[in-house]
Amino acid sequence: MTWDNTTLFSDDNPADRAFREEVREWVGANCPKDLCHRPLRVDPPELKPWHRKLHERGWIAPHWPKEAGGMGATLTQQIILFEEMSRIGAPTPYPHGLNFIGPLIIDAGTPEQKAKHLPGILTGDITWCQGYSEPGSGSDLVSLTSRAVLDGDTFVVNGHKTWTTNGHFADWMFALLRTDPAAKPRHAGITMLLIDLKSPGVTVRPIETIRGDSEFAEETFVDVRVPKENMLGELNGGWAVANKLLGSERFTTGHPRNAAVLLNKARQVAEYSGAIRDPAFLHRLAMLEIDLLAFSAFYRHAANLHGHRKAPLSMAPVIKIAGGELGQKASELLVDAAGPLGASADDITIGNTAVNPAADLFEMRRVTVGSGTVEIQRNIIAKRVLNLPS
Ligand SMILES: Cc1cc2nc3c(=O)[nH]c(=O)nc-3n(C[C@H](O)[C@H](O)[C@H](O)COP(=O)(O)OP(=O)(O)OC[C@H]3O[C@@H](n4cnc5c(N)ncnc54)[C@H](O)[C@@H]3O)c2cc1C
């Protein structure tokens, strides 16, 4: 079978169906074709015109409240927007401004911070990055050691952040920094600062990935002065601010459509290579399609519960684990479907479509690590849901 988003969400109510049709028509007519179905990611500067169009249409921040410039959309509407964009292979805007720091500023920012930062996030003129991970702190983020010391009206920042998506394109970083090294528990000594990356003392270095692009950067901070008014929330209250992020973004990063797109490609490539005639290949394809159907049903149920604020704690970790691992298995099948061509870094051209199985395989490696690894998600389920001992 060929997977379409309607296969996944066949029960839109009439209002949602009408919204889906409106989005489908507008996105199809307005998204620049050369941005669609790119084998490699689209860097933020190239994405800006598309971001601006979505902003002008009023659809850039569906999840933000209307009074903050958003759409005040339901979760189903948010998912419809995501599905209709991914249906034509359109790139989705990066989450760091719109999904991460934007909602945190709306929730915890001063009126001045809101006035200064929210408009640039909505228009896409200002690119943000997330400065949490450090060379010695990833999963155990609370161990972070980059320091911010208050000196009069400014913080003096020294330290090192890494794996910062879009760090080398970003204008601003929201960073977690240690402001009280003696605090017990350790998370009580962490503060969130909004840092202008053009400040003297900041050095940004891109990191090239196995896919051959530069998605990440690392940043060093040497005596960087950050005005106290750039503190988001309370001094030593950064952990609480960071933890206010809802799990909504997991609904797009873990969406079953990610695996559906890869299974469609695997079928297409298998027809081209002849692998489709191999019973062992067909068996693997069928097993993954069954898993995808089951996961889609769970996803739809979870989205419904989340929309009614009744989602259990386990929901976000399960979506992350199941969606990520299913996507990885689908990307492995795609590589196998291509036979010897699967190991090549070059695109395979089938009709008007270019497919790059190796790039998709590498792309999917990231989904079980970024924003909390699947092992850590399993720990969360074990401890907080099943109450198992540490
Ligand atoms: C695509 C992508 C985008 C990212 N973007 C950003 C970003 O924008 N900003 C940012 O700050 N960071 C970002 N990161 C970094 C990401 O948050 C970290 O990679 C992640 O938290 C894991 O940390 P680590 O790499 O230090 O691995 P480690 O924490 O060293 O973990 C190594 C391995 O050990 C396992 N492990 C660790 N602790 C446990 C445990 N207690 N129990 C079981 N297993 C464990 C992990 O699951 C993992 O497999 C990104 C990463 C990726 C892949």
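Quick note: the coordinates plus some simple rules give every number you see, no bench work behind them. Computed from a prediction, not measured in an experiment: that's the story for all the values here. When we count neighbours, we look across all protein chains shown, and the Cβ atoms used for this are built from the backbone with ideal geometry, even at glycine.
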Over what distance in Å are the Cα centres of the stretch 312-390 and the stretch 196-223 separated? 26
If only Cα atoms are counted, what is the Rg of the stretch 5-93, and what is its Dmax, in Å? 13.1, 37
So for the stretch 247-385, considering every pair of alpha-carbon atoms, how many percent are separated by more than 27 Å? 26
Extension gain from residue 222 to residue 304, taking 0.36 nm per residue of separation minus the Cα-Cα distance: 24.8 nm
Using the basic label-point model (7 angstrom from Cα toward the beta carbon), what is the residue 30 to residue 205 distance in nanometres? 4.2
Can you list the aspartates and glutamates whose alpha carbon sits under 20 Å from that of residue 161, skipping same-chain ones fewer than 8 residues off? 134, 140, 171, 180, 196, 208, 213, 215, 218, 219, 223
Which residues among the stretch 213-231 fall inside the zone where the amide N is under 18 Å from a point 7 Å beyond the Cα of residue 158, along Cα→Cβ? 219-227
Based on the Cα gyration tensor of the stretch 109-155, what are the three equivalent ellipsoid semi-axes, each the root of five times an eigenvalue, rounded to whole Å and given largest first? 26, 18, 9
Where a ≥ b ≥ c are the square roots of the eigenvalues of the C-alpha gyration tensor, would you call the stretch 141-201 rounded, which needs a/c under 1.5, or, failing that, prolate if a/b is larger than b/c, or oblate? oblate
Return the FRET efficiency for the residue pair residue 115, residue 21: r is the Cβ-Cβ distance, R0 is 41 Å, and the value is rounded to the nearest 0.05. 0.65
Which value in Å does the Kirkwood hydrodynamic radius of the chain take, with 1/r averaged over all unlike C-alpha pairs and then inverted? 22.3
Scoring the chain by relative contact order with C-alpha pairs under 8 Å, at least six apart, yields a percentage of 14
How much length, in nm to one decimal, is gained on full extension between residue 48 and residue 390, taken as 0.36 nm per residue of separation minus their Cα-Cα distance? 118.6 nm
When the chain is fully extended, how far beyond the present Cα-Cα distance does residue 40 get from residue 383, taking 0.36 nm per residue of separation? 119.7 nm
Calculated SAXS-style log₁₀ I(q)/I(0) at q = 0.09, 0.10, 0.11, 0.17 Å⁻¹ - the stretch 128-242, Debye, Cα scatterers: -0.21, -0.26, -0.32, -0.75
Is the C-alpha gyration tensor of the stretch 172-304 telling us rounded, prolate or oblate? Criteria: a/c under 1.5 is rounded; beyond that, a/b larger than b/c is prolate, otherwise oblate. prolate
Burial order of peptide ranges 101-110, 209-218 (average beta-carbon count within 10 Å, highest first): 101-110, 209-218
